[in-house]
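Notes for the one structure printed next.
The values are calculated or read from the model by the stated rules, or taken from the named source; none is laboratory data. None of the values given here were measured: they were computed from a predicted structure. Here the Cβ is made from the backbone with ideal geometry for all residues, glycine too, and neighbour counts use every protein chain on show.
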2 protein chains.
Amino acid sequence: MSILVTGGAGYIGSHTCVELLNEGYDIVVIDNFSNSKPEALNRIKEITGKDFKFYEIDILNREDLERVFSENDVKAVIHFAGLKAVGESVEIPLKYYHNNITGTLVLCEMMEKYNVKKMVFSSSATVYGNPKSVPITEDFPLCATNPYGRTKLMIEEILRDLYISDNDWSIALLRYFNPIGAHETGRIGEDPNGIPNNLMPYITQVAIGKRERLNVFGNDYNTHDGTGVRDYIHVVDLAKGHLKALEKIMDNKGVEAYNLGTGVGYSVLDVVKNFEEATGQKIPYVITERRPGDIDKCYADPTKAYKELGWKAEKNLEDMCRDAWNWQKNNPRGYD
Amino acid sequence: MSILVTGGAGYIGSHTCVELLNEGYDIVVIDNFSNSKPEALNRIKEITGKDFKFYEIDILNREDLERVFSENDVKAVIHFAGLKAVGESVEIPLKYYHNNITGTLVLCEMMEKYNVKKMVFSSSATVYGNPKSVPITEDFPLCATNPYGRTKLMIEEILRDLYISDNDWSIALLRYFNPIGAHETGRIGEDPNGIPNNLMPYITQVAIGKRERLNVFGNDYNTHDGTGVRDYIHVVDLAKGHLKALEKIMDNKGVEAYNLGTGVGYSVLDVVKNFEEATGQKIPYVITERRPGDIDKCYADPTKAYKELGWKAEKNLEDMCRDAWNWQKNNPRGYD
């Protein structure tokens, strides 16, 4: 009996594969390497000392995906595969909708065919849009402000409809806040294509000398220092949340959403300061214009995940900064 | 230069093809006959005395769809193809999402590839969910209450994102109220599979003796006679709205939604009474329980379509009843 991990070579996928293998799960991984590298799979094996089956396929290809289900005894799916860059989603929305939504539909159809009705889905705090207040609980109104966010929100709705149509399904919607950091070994981590969209990989690329300085988008937000406040969570904590969610869905039925965050908000400048202290690296920055759509503050109320999954984030911002830097320093060009 | 009509053999599609041909347009029709009959195409030719190119393909099949674009000089698309039964959408949501959303994505990708950026899309008043008041204007909040409705709402959002990504697109979202009736010749009309989901085909099947009596779902709604009030529109009026929308998008860019309704609400019992008067057929009925999700009243404010498209419905409820009965009477088993 195996856990199928789609997008298992990606940033969060690879860290989750490590935790799954460490906990003794058999896993089958699929990835099309559209935004990840084969080397990540070698590193997962190196860290865990364990092997697993891998298929280089695209979940949009029904025949390829069917082969995975027919050749393995899949008992649940952790579904990471999807495109994730907000800006790019505005530029090429059809590709985002097709990859994320159609990809999930094809996957669900195959799961239905093979009677595999347990899924942990990679959702995002982006489904809260511009939240009316913080901290955010799972029952806040949902709303998306860009195509990427809409794909996540639509998939959540599709999965709820799927459960209504067939109450045998058991689905956890994991709403990630801002995952950063890397595995403590420094062997796997975030390896973005091109200019990073997110804060931490940008900071580490400044630290390594690949970028000159950090752009801080606006310092007139309604926060303690004027820069945007987010809920950063160590990717290993996040990965562990998937295991807790997996345990939960194996024993239950229904669709439940869980915030995976620390419940603590840090500003951009807090992160910069913490990074400098944790690593001894200086991060020059400039204040630039606000990015359209950015909000003041966004952080989770992670109580539900604690109460229902028995999960909470253990690592602090210093851990996140140290591990992010350890990864970047040891892999200045990512997996290349 | 041709107008491509997807789902052109269906109920609204076939009536629109007639109007397009009568107005001198060249059309190319595609249909997979999943919920329509080839005979409808013969009838369109018979009514208009004109021929057109037809492809029996599924828009989900990219290669087949590409053939249509490569073999024809398509200048705009009227996109009807999609599944439309609310109850069925609750039972088999994946099929609805896949057909309607993925189908539209594949179509849009092909349109983009062949630089055809003009579309009239079959949306629905269902995107207003349970409206806060009546009449409904296009700027009412949008919300869907079942998978079918969500496919329409999601496609509207996808098309808006498509325009944001490329301002060359010109798209009309036509929000249909309740189309009934048939072409005055009685040669094309609604031919539902199995038990009709909608009022008028149920009434005509009772009149023809195929069903014993009409079920009226609830008589304690907040309306003049307790039965639900809807905005019934003659399908030929609706078809003509597509021609007006087509003219509009040929000269404009952007995405605009238009209500296609009469602006007048009739109750279930109003329709029964009008049908009996217009046709001389007695319609026995029983009052049964409310259907979950049904609302008191739903009717359009059609002002925007009148102002911006120069379109308004011309036919009254008597016309709708007479033409529906004429179709049913002359085609007791539909197209079979």
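Out of the stretch B:130-188, which residues are closer than 30 Å to B:Asp336 by Cα and free of Cβ contacts under 8 Å to residues at least 24 places away in the same chain?
Within the stretch B:130-188, none qualify.
Given the criteria touching a Phe, Trp or Tyr at 6+ places or on another chain (Cβ under 6 Å) and within 14 Å of chain B (Cβ to nearest Cβ), does A:Lys117 qualify?
Judged against the criteria, A:Lys117 is a match.
Could you identify the single residue in B:Thr102, B:Thr145 that is among the polar types (S, T, N, Q), surrounded by fewer than 22 Cβ atoms within 10 Å (Cβ to Cβ) and within 25 Å of B:Pro201 (Cβ to Cβ)?
Checking each option against the conditions leaves just B:Thr145.
Give me the residue from the stretch B:12-36 that is surrounded by fewer than 18 Cβ atoms within 10 Å (Cβ to Cβ) and in contact (Cβ under 8 Å) with a residue 24 or more places away in the chain and, out of that set, nearest to B:Asp323 (Cα to Cα).
Selected residue: B:Asn22.
Taking A:Lys132 as meeting all but one of (1) at pLDDT below 95; (2) at the interface with chain B (Cβ under 10 Å from one of its Cβ atoms), write down the number of the exception.
Condition not satisfied by A:Lys132: (2).
Looking at the stretch B:58-77, is at least one residue away from chain A (no Cβ under 14 Å), in a helix (DSSP H, G or I), more than 20 Å from A:Glu109 (Cβ to Cβ) and touching a Gly at 6+ places or on another chain (Cβ under 9 Å)?
No, there is no match, as no residue in the stretch B:58-77 is away from chain A (no Cβ under 14 Å), in a helix (DSSP H, G or I), more than 20 Å from A:Glu109 (Cβ to Cβ) and touching a Gly at 6+ places or on another chain (Cβ under 9 Å).
Which number in (1) part of a loop (DSSP other than H, G, I, E, B); (2) more than 28 Å from B:Ile3 (Cβ to Cβ); (3) of a type outside the set (Gly, Ala, Ser) marks the one condition that B:Lys273 misses?
(1)
Being polar (S, T, N, Q) and under 19 Å from the mean Cα position of the chain (by Cα) narrows it down to one of B:Ser2, B:Ser70, B:Ser36, so name that one.
So the residue among B:Ser2, B:Ser70, B:Ser36 that is polar (S, T, N, Q) and under 19 Å from the mean Cα position of the chain (by Cα) is B:Ser36.
In the stretch B:149-167, which residues are facing another protein chain (nearest Cβ under 10 Å) and within 28 Å of B:Pro292 (Cα to Cα)?
B:Arg150, B:Thr151, B:Leu153, B:Met154, B:Ile155, B:Glu157 - these are the residues of the stretch B:149-167 that are facing another protein chain (nearest Cβ under 10 Å) and within 28 Å of B:Pro292 (Cα to Cα).
Quick test for you: out of A:Val28, A:Val18, pick the one residue that is outside any helix (DSSP H, G or I) and in the same structural domain as A:Phe80 (by the TED database).
Exactly one of A:Val28, A:Val18 is outside any helix (DSSP H, G or I) and in the same structural domain as A:Phe80 (by the TED database), namely A:Val28.
Can you name every residue in the stretch A:246-264 that is farther than 16 Å from A:Ser124 by Cα and outside any helix (DSSP H, G or I)?
Step one: of the stretch A:246-264, the residues farther than 16 Å from A:Ser124 by Cα are A:246-254, A:264.
Listed by number, the residues that qualify are A:Asn252, A:Lys253, A:Gly254, A:Val264.
Quick one: would you say B:Gly87 is within 21 Å of the chain's Cα centre (by Cα), closer than 16 Å to B:Val29 by Cα, within 14 Å of another protein chain (Cβ to nearest Cβ) and part of a helix (DSSP H, G or I)?
Spelling it out, it is not the case that B:Gly87 is within 21 Å of the chain's Cα centre (by Cα), closer than 16 Å to B:Val29 by Cα, within 14 Å of another protein chain (Cβ to nearest Cβ) and part of a helix (DSSP H, G or I).
Would you say A:Gly8 is farther than 20 Å from A:Thr185 by Cβ, assigned to a loop (DSSP other than H, G, I, E, B) and either not hydroxyl-bearing (Ser, Thr, Tyr) or not assigned by the TED database to the domain that holds A:Ser122 (or both)?
No: the conditions fail for A:Gly8.
Here is a yes/no grid of residues against (1) within 13 Å of chain B (Cβ to nearest Cβ); (2) at pLDDT below 95:
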position	(1), (2)
A:Lys95	yes, no
A:Cys108	yes, no
A:Ser123	no, no
A:Trp169	yes, no
A:Ala172	no, no
A:Ala182	no, no
A:Asn197	no, yes
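Give A:Asp237, A:Asp294, A:Asp301 a once-over and let me know the one that is in the same structural domain as A:Asp161 (by the TED database) and either in contact (Cβ under 8 Å) with a residue 12 or more places away in the chain or under 26 Å from A:Tyr128 (Cβ atoms) (or both).
Sole residue among the options that is in the same structural domain as A:Asp161 (by the TED database) and either in contact (Cβ under 8 Å) with a residue 12 or more places away in the chain or under 26 Å from A:Tyr128 (Cβ atoms) (or both): A:Asp237.
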